[in-house]
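I have placed the structure first, in the form of structure tokens, so that the comments after it can refer back to it.
The values are calculated or read from the model by the stated rules, or taken from the named source; none is laboratory data. Keep in mind that this is a model prediction, so the values were computed, not measured. Glycine also receives a Cβ, built like all others from the backbone with ideal geometry; neighbour counts cover every protein chain displayed. The protein model used for the area step is the full one, side chains on, heavy atoms only, and it has no ligands, DNA or RNA in it. Shrake-Rupley method; radii C 1.70, N 1.55, O 1.52, S 1.80 Å.
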Amino acid sequence: MSDIQTLYAAFAARIDAVLSALEAEAVLPAGVSRANVAVEPPRDPSHGDLATNAAMVLAKPAATNPRSLAEKIVEHLSRDPAIVSAEIAGPGFINLRLDRKVWEEELAAIAALGSDYGRSVMGDGTRVNVEYVSANPTGPMHMGHCRGAVVGDALANLLEYAGHAVTKEYYVNDAGSQVDTLARSAHLRYREALGEDIGEIPAGMYPGEYLKPIGKLLAEEFGDTYRDAPESEWLLLFRGKAVAAMMDQIRADLAMLGIKHDVFSSEAELQAAGKPEQAEAWLRAHDLVYDGVLEAPKGKAPPEDWEPVELPLFRSTKFGDDQDRPIKKSDGKWTYFGADLAYHMQKAESADALIDIWGADHAGTVKRIKAAVAALAEGEGKVIPFDVKLVQMVQLLRNGEPAKMSKRSGNFVTIADMVEEVGKDVVRFSMLTRKPDAQMDFDFVKVVETSKDNPVFYVQYAHARICSILRRAAEEGIAPRSDQAALLGEDELALIKLAAQFPREVEAAARAREPHRIAFYLYELAGALHGWWNMGNDDPQKRIIVAQKLTVSGARLFLALQIGQIIRNGLAILGVEAVEEL
RNA sequence: GCGCCCGUAGCUCAGCAGGAUAGAGCAUCGGAUUCCUAAUCCGGGGGCCACAGGUUCGAAUCCUGUCGGGCGCACCA
């Protein structure tokens with residue numbers, strides 16, 4: 001199971017073995033924590049291939065100074081044939097240089113593992129449910145949904161690559177008042193399709209043109225049966241039809257971004273199945289729901305019509321929330337939270353860990369839902385690790401001017417517009433080249449204008465160049481050779497070392513749940529590839545294909561082939577195409 | 001008033017479970033193209049990492065406070 005191990009982990013294990021040996025020699029006291037011992041590539045490559053802080057971290061518990069402890073560690077490490085030098089530097093770092101065979105073998109490992117190079121067993125097959133997008137089914141996807149959609153999708157891919165069993169899930173809010181409004185808006189368009197002049201769309205209704213085709217379909221299917229009928233006769237019917245149409249639209253929009261969810265969970269079905277009642281009963285049995293009176297809102301004037309009412313409240317303060325939260329409204333219907341609580345319980349039944357991707361405008365409700373999941377551990381329950389990743393707002397601009405994104409305004413930039421204009425890859429990559437917890441600007445015009453400077457092309461160009469050189473070599477009858485790595489020079493070795501960091505980057509990104517790290521790594525790798533390539537411009541002997549040197553060319557082609565493999569593996573996580581030509 | 005997020009080069013952003021002289025792109029200045037795709041490369045200039053304390057061998061990174069910006073603070077979704 002654990003035979004897939006990163007090179008860095010392998011050497012960390014060797015250093016750990018040395019520390020155990022030192023414990024046996026009583027140089028180190030037994031049982032000292034090594035949690036802070038790090039083994040990583042130094043920032044400055046001139047320091048070597050690997051560095052460890054072991055001596056600095058352990059000097060104090062060993063009652064010695066870092067340098068003398070380092071000397072003892074170095075003494076052991078020097079016996080390892082894979083380590084050609086171990087030097088003490090600065091305040092007590094130990095810098096290691098590895099035998100070039102180690103790197104040659106790593107290059108062979110990339111070739112052997114192919115699209116699996118970088119996959120990790122870190123996740124150990126645990127089931128992670130990632131819920132993302134979950135946009136209300138009241139209109140097409142717009143740019144406000146885009147960032148969460150892309151980040152969630154890349155995160156799910158990343159966790160899968162890191163060894164988790166991932167479910168991509170979408171929660172369809174098809175039971176609240178917004179979908180009733182949708183149904184009424186659709187009814188207006190239905191009357192319009194029947195020839196009626198409906199004039200201006202009243203405030204509070206969805207004015208978007210996208211409802212016109214639905215009105216038309218409803219008119220074709222039902223004629224004028226419901227034109228003047230009371231709302232009670234058509235509301236549920238129209239709601240169902242409209243939501244289904246909206247979800248088809250949303251699925252199509254998501255497909256344009258390369259996103260496909262495994263599961264769509266319906267709030268209406270959840271309620272019809274009595275899940276909220278079950279949740280309430282369980283929570284009441286554990287004294288986590290009680291009937292109480294909500295406090296008046298603090299910090300600002302209470303609404304005009306505010307009055308104390310007794311409601312079933314979830315004891316979320318017990319788990320760190322600021323106040324207890326109602327799960328039912330005074331009309332007896334479930335609050336959004338009440339249903340969402342039951343929904344998270346449902347997800348927890350078939351997952352070992354949950355992740356929600358939300359927009360920052362929902363930050364205020366994080367504590368209560370975290371409280372709800374934490375409550376599952378009460379009694380005989382199990383602890384479900386649960387993370388809400390907040391994706392900060394995207395300020396959508398058009399030539400520096402703020403562009404409206406409100407779904408209700410009917411004036412918004414849809415994802416379909418954006419993808420058609422700049423392409424899926426640009427949209428995805430630009431959403432992934434910044435950490436999600438910082439706000440970002442997205443200027444519709446600027447992104448189109450500067451798409452040539454967009455980092456995605458830089459990475460794709462690197463891949464295309466590799467494909468180009470391989471095509472060229474094939475024409476000339478030169479094949480990549482896996483058995484000539486010894487002919488590679490220092491520049492090429494440096495490239496292998498960077499490539500070898502990919503598995504480590506995958507694990508680090510997965511642990512931090514930050515897919516953007518993969519994008520930055522690929523950018524760096526692409527830069528190294530371009531630099532290597534351009535050496536051939538200054539010195540023809542350094543070109544990848546050198547006419548008279550078939551074995552060297554073969555070795556370099558093999559290296560190029562493996563760099564291309566890693567770019568493909570990384571881009572696959574991000575959901576960006578590895579194009580073969582630009 | 002309270003909660004969450006952010007503050008790093010002129011601009012847009014990285015900074016890897018605290019590590020060794022703080023990095024990249026854009027912009028700017030100077031170079032490379034009879035040659036594997038110049039959508040590329042090489043080099044220069046440009047920083048009190050918002051501010052003030054604290055934790056320790058060591059802080060852009062962790063803690064506290066202040067200032068500045070964003071989002072939120074319903075029985076809505």
Starting with the highest mean, order A:247-257, A:282-292 by the number of other Cβ atoms within 10 Å, averaged over the residues of each peptide. A:247-257, A:282-292
Thinking of region A:7-98 as a set of Cα atoms, what percent of all their pairs are more than 21 Å apart? 21
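For region A:177-256, compute Rg over Rh where Rg is the Cα radius of gyration and Rh is the Kirkwood radius from the inverse mean 1/r over Cα pairs.
0.96
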Roughly how compact is chain A, stated as its Cα Rg over 2.2 N^0.38 Å to two decimals? 1.19
Kirkwood-based Rg to Rh ratio, region A:522-582, C-alpha trace: 1.03
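Using only C-alpha atoms and all pairs of different ones, pull out the Kirkwood radius for region A:57-194 in Å with one decimal.
21.2
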Mind listing the long-range amide H neighbours of A:Asp352? Cut-off is under 5 Å, sequence gap 5 or more, other chains count too, H placed in the peptide plane at 1.01 Å from N. A:Arg127, A:Val128, A:Asn129
Return the percentage of antiparallel bridges among DSSP beta bridges fully within chain A, rounded to the nearest 5 %. 50
Distance cut-off 17 Å, percentage of C-alpha pairs in region A:454-574 lying past it: 55
May I ask for the Rg/Rh ratio of region A:350-389, computed from Cα atoms with Rh as the Kirkwood radius, given to two decimals? 1.01
Write down the radius of gyration of region A:214-268 and its Dmax, each obtained from C-alpha positions, in Å. 14.4, 43
May I ask for the net charge around A:Ala154, where only other residues with Cβ less than 12 Å from the Cβ of A:Ala154 are counted and Lys, Arg are +1 while Asp, Glu are -1? +3
Carbon-plus-sulfur fraction of the accessible area of chain A, 1.4 Å probe, in percent? 49
